[in-house]
Amino acid sequence: MKREMLWKQEGFDAAACSDFCEGYKKFISDNKTEREAVAGVIAELKEKGAVSLDEVLEKGMKPEPNQLIYADMMKKSLMIFRMGTAPLTEGLRILGAHVDSPRLDIKQNPLYEDHEMAYLDTHYYGGVKKYQWLTIPLAIHGVVVKKDGTVINVVIGEDESDPVLGITDLLPHLGKSQMGKKAGEFVSGEALNLLIASTPLKGEEKDAVKANVLAIIKEKYGFEEEDFLSAELEVVPAGRARDYGLDRSMVLGYGQDDRVCAYTSYKALLDQENPVYTTACLFADKEEIGSVGATGMTGTYFADAVRELLEACGCASETALRRIFKKSKVLSSDVSAGFDPLFPEVMESKNSCYLGYGPVFNKFTGSGGKFGSNDANAEYIAFLRAAMEKGKVSFQTAELGKVDEGGGGTIAYILAELGCEVIDFGVAVLSMHSPHEVTSKADVYEAYRAYRAFIVG
Ligand code: MN
Ligand code: MN
């Protein structure tokens, strides 16, 4: 199928695209974890006059058309609704993204000293190539919650004046047996230990470097070793997202899977005012480890929130709720693997997506015979083709690599189980799941335009 690169298209607004991506880079730099993305967006929503679903219910408010209503789940997943002019029972337009990304989580009992070096032990989260995390500057983001409920927010390694942390690697001179190993065994999960200090506490005999770390933590953050038990600390690449390429056509940044779709979906919801159908934007947690748990998409929070919203609109019927989902249309806004000319062997070129050609529909995901996949209906895809044409949006279609080469999943099948029409639709990424992922600015901006076209389509 003949498609034209966005950069070559007459109507492509390169200046608007560049402006949009400045906001995007800021968002992914300021919000590197699910908690930060949820808190950051709630703060902005409040400034825009949004009300929480709790407040709507407590005060018995009746949702008004165009009103912004939000609800979070344990501060790690978020739902944003913009009420439509049509009744809620006519169904929703849902943009479902996720805000968790592959990373290293600090263990509950992490701190130890070895040969007068202090380390934090980690357990990686999501699909990572472990060797990519060695010798790069790392930061710690997260919370420590004390027994009395006090929450201490921790961000170390992002300010220019902050120290950074990291995981060391063996010098090549002594790496003969290491280099003989397969890449998957090159570094074990247990070996991903973060070097954090090397000076002893004065006057301390045993484990003096560890004691020094505890003294620093106590002074700077006010918590003790025991408090690691009730902490969620995530190790992520340090530093801000940047322009990539001599022509500045791309963005290099951590966790663009899937905050690129979260940001573009959220912006589309904000900017597309007065929708006919109520728009929902989801920031799901735990997608990278199977959408599990109370904050993952398999949890009940989203269906519960829609039920509560329906009640606030004066309808409390379970049948009406089920019918809402049957009438709802979903874009599972998640990234796709862009064709990489350095690794053509894993891709089937006709059914691959390319940087700069717009967001990507994946009719199905899954692996080896579509197992574990949502398989979108042809009728729904036809509707979307028309909506994109109406919005003058460029898009492409793809599969995740060659048949039998591997595969992956998203939250699509979970929303499909509610009875909604669902398809995966997001931005192509290079170096996906690596510490520094790459996207095309043209695709980021076109995804935003596409999500807007979907809302009104
Ligand atoms: Mn994803
Ligand atoms: Mn992923």
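Just so you know, all these numbers are worked out from the coordinates, no wet-lab data involved. What you see is a predicted model, and the numbers here were worked out from it, not measured in a lab. With ideal geometry, Cβ positions are generated from the backbone for all residues, glycine too; neighbour counts draw on all protein chains shown.
For residue 353, what is the net charge nearby, where nearby means another residue's Cβ is under 13 Å from its Cβ and Lys, Arg count +1, Asp, Glu -1?
Once all neighbours under 13 Å are counted, the net charge is -4.
Do me a favour and compute the ellipsoid semi-axes for the chain from its Cα gyration tensor, root of five times each eigenvalue, largest one first, whole Å.
Semi-axes from the Cα gyration tensor: 39, 28, 19 Å.
log₁₀ I(q)/I(0) of segment 78-117 at q = 0.20, 0.22, 0.36 Å⁻¹, via Debye over equal Cα point scatterers, no solvent, to two decimals?
For segment 78-117, the Cα-only Debye profile gives -0.81, -0.88, -1.24.
Is there a pair in 46/326; 26/46; 75/147; 76/326; 286/402 whose C-alpha atoms are over 22 Å apart, and which pairs would that be?
Over 22 Å Cα-Cα: 46/326; 76/326; 286/402.
Which whole-number percentage describes the relative contact order of the chain, with Cα contacts under 8 Å and a sequence gap of 6 or more?
22 percent.
Check which residues have an amide H placed less than 5 Å from residue 437's amide H, if you skip close sequence neighbours.
253, 254, 255, 256
Search the structure for amide H atoms under 5 Å from the amide H of residue 104, placed 1.01 Å from N in the peptide plane, and list their residues when 5 or more places away or on another chain.
Sorted by chain and number, the residues that satisfy this are 125, 235.
Output wanted: per-residue J couplings in Hz (rounded whole) for segment 279-288, from phi through Karplus 6.51 cos²θ - 1.76 cosθ + 1.60, θ = phi - 60°, x for Gly and Pro.
For segment 279-288, the Karplus-derived couplings read 9, 10, 10, 10, 10, 8, 9, 6, 4, 6 Hz, x marking Gly and Pro.
So in the chain, what percent of DSSP beta bridges are antiparallel if you round to the nearest 5?
Numbers: 55 of 78 bridges.
For the chain, the DSSP antiparallel bridge percentage is about 70.
What FRET efficiency would be calculated for the residue pair residue 380, residue 90, taking the C-beta separation as r and a Förster radius of 22 Å, to the nearest 0.05?
0.85
Once you place label points 7 Å from the Cα toward the Cβ at residue 2 and residue 220, how far apart are they in nm?
6.0 nm
Take the alpha-carbon positions of segment 103-237, form their convex hull, and give its projected area averaged over all directions (one quarter of the hull surface) in nm².
9.4 nm²
Using θ = phi - 60° and the Karplus relation 6.51 cos²θ - 1.76 cosθ + 1.60, list the HN-Hα couplings for segment 361-368 in order, rounded to whole Hz, with x at every Gly or Pro.
Working through the residues one at a time gives 8, 10, 4, 9, 10, x, 7, x Hz.
Calculate how steeply helix 301-312 sits against the longest principal axis of the alpha-carbon atoms of the chain, using the helix alpha-carbon long axis, and give the answer as 0 to 90 degrees to the nearest 10.
Roughly 40 degrees between the two axes.
Just tell me which lysines come within less than 17 Å, Cα to Cα, of residue 2; anything on the same chain fewer than 8 places away is out.
350, 392
Cα-based Rg of segment 209-252 per 2.2 N^0.38 Å, rounded to two decimals?
Relative to the 2.2 N^0.38 Å estimate, segment 209-252 comes out at 1.94.
Taking the Cα atoms only, what angle lies between the long axis of helix 441-456 and the longest principal axis of the chain, rounded to 10 degrees?
Relative to the chain, helix 441-456 is tipped by roughly 40 degrees.
Hey, got a sec? Which GluC sites (Glu not before Pro) in segment 195-270 land in a DSSP loop and have at most 16 other Cβ atoms within 10 Å?
Within segment 195-270, the qualifying GluC sites (Glu not before Pro) (loop, at most 16 other Cβ atoms within 10 Å) are 204, 205, 224.
Mind giving me the FRET efficiency for residue 319 and residue 107? R0 is 51 Å, r the Cβ-Cβ distance, nearest 0.05 is fine.
0.60
Using only the alpha-carbon atoms, how far is helix 208-221 inclined from the longest principal axis of the chain? Give it as 0 to 90 degrees, nearest 10.
Approximately 40 degrees, to the nearest 10.
Between residue 351 and residue 205, take the C-beta separation as r, use R0 = 45 Å, and let me know the FRET efficiency to the nearest 0.05.
Working: r = 65 Å, r/R0 = 1.44.
Efficiency at R0 = 45 Å is approximately 0.10.
Out of residues 5 or more away from residue 286 or on other chains, whose amide H comes under 5 Å of its own, with H placed 1.01 Å from N in the peptide plane?
100
Just to check I understand the Karplus step: with θ = phi - 60° and J = 6.51 cos²θ - 1.76 cosθ + 1.60, what whole-Hz values come out for segment 325-337, glycine and proline as x?
5, 4, 9, 8, 10, 10, 9, 6, 7, 9, 6, 10, 7
Taking other Cβ within 10 Å of each residue's Cβ, how do 352, 29 sort, fewest first?
29, 352
Once the other residues with Cβ under 14 Å from the Cβ of residue 424 are scored (Lys, Arg +1; Asp, Glu -1), what is the net sum? Mind dumping the intermediate values first?
On the way: positive: 329, 363, 370; negative: 257, 258, 287, 334, 375, 399, 421.
It works out to a net charge of -4.
Distance from a point 7 Å along Cα→Cβ of residue 246 to each backbone N in segment 412-433: keep the residues under 12 Å and list them by number.
Under cut-off, by backbone N: nothing.
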